[in-house]
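Shown next, in C-alpha cells, is the structure this report addresses.
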Amino acid sequence: GKNFVVLGGGLTGAEVADHMAFYGSNVYLIKGRNMEIATEAPANVRHCLLEDMKERNVNVMVGTKLIAIKDNTVVVNKNGEIIELPDIETIVMSKGNVCNNELIEELKGEAKEVIAIGDAQKIKDGYYNIYEGFKAGLTL
C-alpha cells in the first residue's frame, strides 16, 4: 500500500518501515515507549538504518500509543494528543517476541530429523539465530 503503519520500533519494525519507504510508501513507525528505536542492532547497522529512514521520510512516532483502528484510519495518542492517521492501507504488527515451538513437536516422526533453531528454541538475538541456522545447515 501507499500508506503504511508499523507498530513496534525494534530492529524488525524499523527495517520493515525502511523497506516500505524505499519502495515509495508513506510510513509511520509507532513505538509505545519514549525510547530510541532499533536499539538491539549493532551501532554501525543502526546508524545506517536511522539515516536511511530519515532520508526516506519515515514518520517515527516514539512515545505513541495505539488507541484504535477504524475503517482506514489509525488513531494514536502521542504525549496526550490524539492523532488520526488517515487512508492507511497496511498495518504491520512487530511487537515483541514469543517462543513458539509447537510445529517442531508436530513434525517429529514425520521427518528423519527436525532441527529447532532461532526463536523456536528460546528468544535471543537475531544474529545468533542466523548463526544457528548456518550451523544447522552444515550438519545436513
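The values are calculated or read from the model by the stated rules, or taken from the named source; none is laboratory data. Since we're looking at a predicted model, the values are computed, not measured. Because the Cβ atoms are built from the backbone with ideal geometry, glycine has one as well, and the counts that use them run over all protein chains shown. Please note that ligands, DNA and RNA were not included when accessible areas were found on the heavy atoms of the full protein model with its side chains. Shrake-Rupley method; radii C 1.70, N 1.55, O 1.52, S 1.80 Å.
Key figures for this structure:
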| quantity | calculated |
| --- | --- |
| With every protein chain in place, the range 32-140: carbon and sulfur % of accessible area (1.4 Å) | 51 |
| For the range 68-78, 3J(HN,Hα) per residue [Karplus equation, 6.51 cos²θ - 1.76 cosθ + 1.60, θ = phi - 60°, Hz, x = Gly/Pro] | 7, 10, 9, 6, 10, 10, 9, 10, 10, 10, 10 |
| Pairwise Lys count, the range 44-110 - Cα closer than 22 Å, eight or more residues apart or different chains | 8 |
| CD proxy at 222 nm, helix term only [per DSSP H run n ≥ 4: -39500 (n - 2.57); per residue of the chain; nearest 500] | -10000 deg cm²/dmol |
| 5 angstrom amide H check on V60, placed H, neighbours 5+ away | L29 |
| Folded to 0 to 90 degrees: helix 43-55 orientation relative to the chain principal axis, Cα | 40 |
| Cα lying deepest toward the dipole's positive end in the chain, options M20, T90, L7, charges on Cβ | L7 |
| Equivalent ellipsoid semi-axes - Cα gyration tensor, the chain, angstrom | 33, 18, 14 |
| Under 5 Å, built H, 5+ apart or other chain: amide partners of V114 | none |
| Loop trypsin sites (Lys or Arg not before Pro), the range 32-140, which have at most 12 other Cβ atoms in a 10 Å radius of their Cβ (DSSP) | R33, K112, K122 |
